[in-house]
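The values are calculated or read from the model by the stated rules, or taken from the named source; none is laboratory data. What you see is a predicted model; the values in this text were computed from it and never measured. Reconstructed Cβ throughout: ideal geometry from the backbone, glycine too, with neighbour counts over all protein chains shown. Ligands, DNA and RNA are excluded from the accessible area calculation, which covers all protein heavy atoms including side chains. Shrake-Rupley method; radii C 1.70, N 1.55, O 1.52, S 1.80 Å.
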Amino acid sequence: SQPSVYSQGKNHALYLWIYVKPEANAKEVAKAVAKLQKYVDQVTDPKMRDEEDEIWAGVGFGPNFYKQIGGKPKEDYNYPHRKGNLGEMPSSGGDVFIHAKCNTPSKLFELAQVVMKNMPANSVESFEDVYSFVYKNGRDLSGFIDGTENAADEESRQNIAVDKETGGSYVITQKWIHDLQVIDKEKDKTLESWVGRSRPDSTELSRKSITSHVARMTGGNSWQQAKPVEIVRQSMPFGSLSSEAGLFFIGYAASPMNFEFMLDRMVGARDDSNCDDIMRLSKNIKGTYWYFPGADELKKFA
């Protein structure tokens, strides 16, 4: 698989979301971004880099774009628009997505510059580059520890994130904007009831609502209920106080069906009409699915 898929997190990440013009040569675009590791090596010399400036990066494609460049997806990964009584999950589309991780944020900015500079002339309709950071030793801006249930060892993450036949991985990206005023004014007890975990140490609440985030993700509110699906989360906080701030949610899985279960549960579209209380403190404004080809397949596009 590509370096970003199941590797551990870094202190900062780049999420580069690209929309390609309809008239652009898709294969030329794919050829350019398939050289991602070359751009990484250009930003950080392989002979000189260390843990502080090394970059782990990967590139994925939206379903329509992937078909245009000759890709044959093993599974359908179109991202539908969802709506529940606590909010919507818009389907934002996209053609190319780059996820990169590094302890030095300037290196990620430089990588984004190199990628965009090497895109074919007049091929990009629009793009968004989001830069994230570690907050309070791995907490979300809500104050809760993020990714508590993530698989800890590399082998487990690989088994969850990578299709064994292709080396590819399906990826979900969502941009969530937090209501920092709600987070600031609500009592810990209320916020904990919405999440289903204690705020200080992320301990699962033994008694929790069926609408809590933990209950929605596991399929029920029983104590330590077995999870029907798993993903490898790579989400991180982003933003500024003067504009918007929240969580850039990104997860990897061997099948897009893992995401479908979770998102349906969040908007009450699967087993019941209950929605996820996490949407009381955060609004989803953007989202889609991608396919990150295995390293061997990506080389073919270059």
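Run through every distinct alpha carbon pair of segment 19-154 and return the Kirkwood hydrodynamic radius in angstroms, one decimal place. Intermediate values should be presented prior to the final figure.
On the way: mean 1/r = 0.0573 Å⁻¹.
Here the Kirkwood hydrodynamic radius works out to 17.5 Å.
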Exercise. Give me the percent of the accessible area of segment 1-43 that comes from carbon and sulfur atoms, probe 1.4 Å, all protein chains in place.
Key: 43
Quiz prompt | Pairwise centroid distance, computed over Cα atoms, of segment 157-200 with segment 76-142, Å | solution = 16
Exercise. Quantify, in whole percent, the carbon and sulfur part of the accessible surface of segment 219-302 (1.4 Å probe; protein heavy atoms only).
Key: 48
Quiz item: On average, how much accessible surface per residue is there in the chain, in Å², for a 1.4 Å probe, leaving out ligands, DNA and RNA?
Solution: 47
Exercise. Give, as a single signed number, the net charge of other residues whose beta carbon lies under 9 Å from the beta carbon of residue 128, with Lys and Arg counted +1 and Asp and Glu -1.
Key: +1
Practice problem: At 7 Å along the Cα-to-beta-carbon direction for both residue 285 and residue 299, put a label point, then send me their distance in nm to one decimal. | Solution: 4.1
Quiz item: Got a number for carbon plus sulfur as a percent of segment 104-152's accessible area, 1.4 Å probe?
Solution: 50
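Near residue 181, within a Cβ-to-Cβ distance under 15 Å, what is the net charge of the other residues, with Lys and Arg +1 and Asp and Glu -1? Write out the running numbers ahead of the final one.
Numbers: positive: 185, 187, 280, 283; negative: 179, 184, 186, 244.
Residues close to residue 181 contribute a combined charge of 0.
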Quiz prompt | Residues of type lysines that residue 136 reaches as a straight line, Cα spacing below 24 Å, ignoring anything fewer than 8 places off in the same chain | solution = 10, 101, 107, 175, 185, 187, 189, 283
Practice problem: Starting from the Cα-Cα distance between residue 121 and residue 182, subtract it from 0.36 nm times their residue separation and give me the gain in nm to one decimal. | Solution: 17.5 nm
Quiz prompt | Charge context of residue 256, other residues only, Cβ under 13 angstrom, K/R +1, D/E -1 | solution = -4
Quiz item: Along each of its three principal axes, how wide is the spread of alpha-carbon positions in segment 7-80, in whole angstrom units, largest first?
Solution: 39, 26, 21
Quiz item: Any idea how far the Cα center of segment 222-298 sits from the one of segment 1-48, in Å?
Solution: 22
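Pick out, in residue order, every one of the chymotrypsin sites (Phe, Trp or Tyr not before Pro) in segment 251-286 that is DSSP loop and has at most 10 other C-beta atoms within 10 Å; say none if there are none.
The qualifying sites: there are none.
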